[in-house]
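The structure under discussion is supplied below as structure tokens; questions concerning it will follow.
Just so you know, all these numbers are worked out from the coordinates, no wet-lab data involved. None of these values were measured; they are calculated from a predicted model. Virtual Cβ from ideal backbone geometry, glycine too; neighbours counted across all protein chains shown.
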Amino acid sequence: MTSSRGGKRRRRPILVPAAIAIAAAGLGVTALLGGLQEAPEKPPPEVAPGKIIDQGRFSTQFIKAIDTTEQDRYGTPKRSLQLVLKVKNVSNETAPVGGIPKPDAKPSMGFGEFASSLLRIAPEIKSEYGPSVYVLSYGVQSRQLHPGITTTVVVKYDLKPTDPAPSEITIDVGSFVYEEIGLRDKTRQWRLAGELDDEEFTPTVAARITLPVRQEQGQ
């Protein structure tokens, strides 16, 4: 039997694949919730003052931060802000103490220098010549950390008498890995742990520590 010419032709149903339907539904929910969002970056672990931090090449304790005034060899009072650490070189080779990275400098791989692992110190301490970093042993300063020995390391900022000092200091601390230098150069070397993307190096913050700044009379 044939249908009448005057009747309405029934539309054929259009089948939508299940995967497309699910994807469309997901996009609808995403749009409703405000679009795709990146997961927040996990903050580094907080470490209490005096607790030992495993940095790979070094085992380190952040002891104190002090606002102190000392007399130089001429008897002139000199004020400074000092971070006092206990550092043990657990590698088999003598390590240079190195220097603190400048706040506006491009991050580097450190290559085994201890102070390069102090990635960020906040708030930024304004000092005319920047901080000095040295090993202090029996009153004698040096620039080397010998294997297997725990020594005192001082990070020192020279301040003017009227310079304000912060109530606390927060330090982002990196760690070291012992790896080959490159694909062609198989020499292994200590360097900061981190990611290298398009020749841009981003060191990994292994720990974060906050030290209260207290006043202490110098020698």
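Please give, to one decimal in nm, the separation of the simple spin-label points placed at K160 and E70, each 7 Å out from Cα toward the Cβ.
Using points 7 Å along Cα→Cβ, the separation is 2.3 nm.
Around P45, under 12 Å between beta carbons, what's the net of Lys plus Arg minus Asp minus Glu among the other residues?
0
Right, next: Listed here are the pairs K78/K126; K64/K156; K64/K160; K64/K102; K42/K88; which of them are more than 19 Å apart at the Cα?
From K78/K126; K64/K156; K64/K160; K64/K102; K42/K88, over 19 Å: K64/K160; K64/K102; K42/K88.
Net charge around D185, counting only other residues with Cβ within less than 14 Å of its Cβ (Lys, Arg = +1; Asp, Glu = -1)?
My count for the surroundings of D185 gives +2.
Further, regarding this structure: Shape call for segment 123-165 from the C-alpha gyration tensor, a ≥ b ≥ c root eigenvalues: rounded (a/c under 1.5), prolate (a/b greater than b/c) or oblate?
The shape class here is prolate.
As an exercise, use a Förster radius of 25 Å and the Cβ-Cβ distance of Q217 and A122 to find the FRET efficiency, rounded to the nearest 0.05.
Between Q217 and A122 the formula returns 0.40.
Still on this structure: Roughly how compact is segment 175-219, stated as its Cα Rg over 2.2 N^0.38 Å to two decimals?
Dividing the Cα radius of gyration by 2.2 N^0.38 Å gives 1.88.
Right, something else. What's the local net charge at K86, with K and R +1, D and E -1, over the other residues with C-beta under 12 Å away?
Here the charged neighbours net out to +3.
Between E200 and Q144, what is the label-to-label distance in nm when each label sits 7 Å out along the Cα-to-Cβ direction?
Each label point lies 7 Å from its Cα, and together they span 3.9 nm.
Between S167 and T187, how high is the FRET efficiency from 1/(1 + (r/R0)^6) when r is the Cβ-Cβ distance and R₀ = 41 Å? Nearest 0.05.
Efficiency, from the Cβ-Cβ distance: 0.35.
Which whole-Hz ³J(HN,Hα) couplings does segment 82-99 yield from phi under the Karplus relation 6.51 cos²θ - 1.76 cosθ + 1.60, θ = phi - 60°, glycine and proline marked x?
10, 9, 10, 10, 10, 10, 10, 7, 8, 7, 9, 10, 5, 10, x, 6, x, x
Order the peptides 49-56, 154-161, 81-88 from the highest to the lowest mean number of other Cβ atoms within 10 Å of their residues.
Top to bottom by mean Cβ count within 10 Å: 81-88, 154-161, 49-56.
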